[in-house]
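Here is the structure we will look at, set down as structure tokens.
Values in this text are rule-based calculations from the coordinates and carry no lab data. The shown structure was predicted, so the numbers you read here are calculated from the model rather than taken from an experiment. All Cβ positions, glycine included, derive from the backbone under ideal geometry; neighbour counts span all protein chains shown.
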């Protein structure tokens, strides 16, 4: 019996290295493993973080966008009783 193989991807997130580990079982199809990896990659938010870090945005701009998103959500999904 062969030992399990672990594949990983190193990413730097909040000054720490985050490693995505996908366990490959003996005889498991590569398609299934790739699907697991893609799902884990998506849930970790690595691509989203890279896009966010691509360009600097001022803290005041970040706060403003958060407020605008909150207002939008409140209008769309907030108090349905009104």
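Determine, for each peptide in 29-36, 69-76, the mean count of other beta carbons within 10 angstrom over its residues, then list the peptides with the highest first.
With the highest mean Cβ count within 10 Å placed first, the list reads 29-36, 69-76.
For the residue pair residue 67 and residue 53, what label-to-label distance in nm results when each label sits 7 Å from Cα along the Cα-to-beta-carbon direction?
2.9 nm
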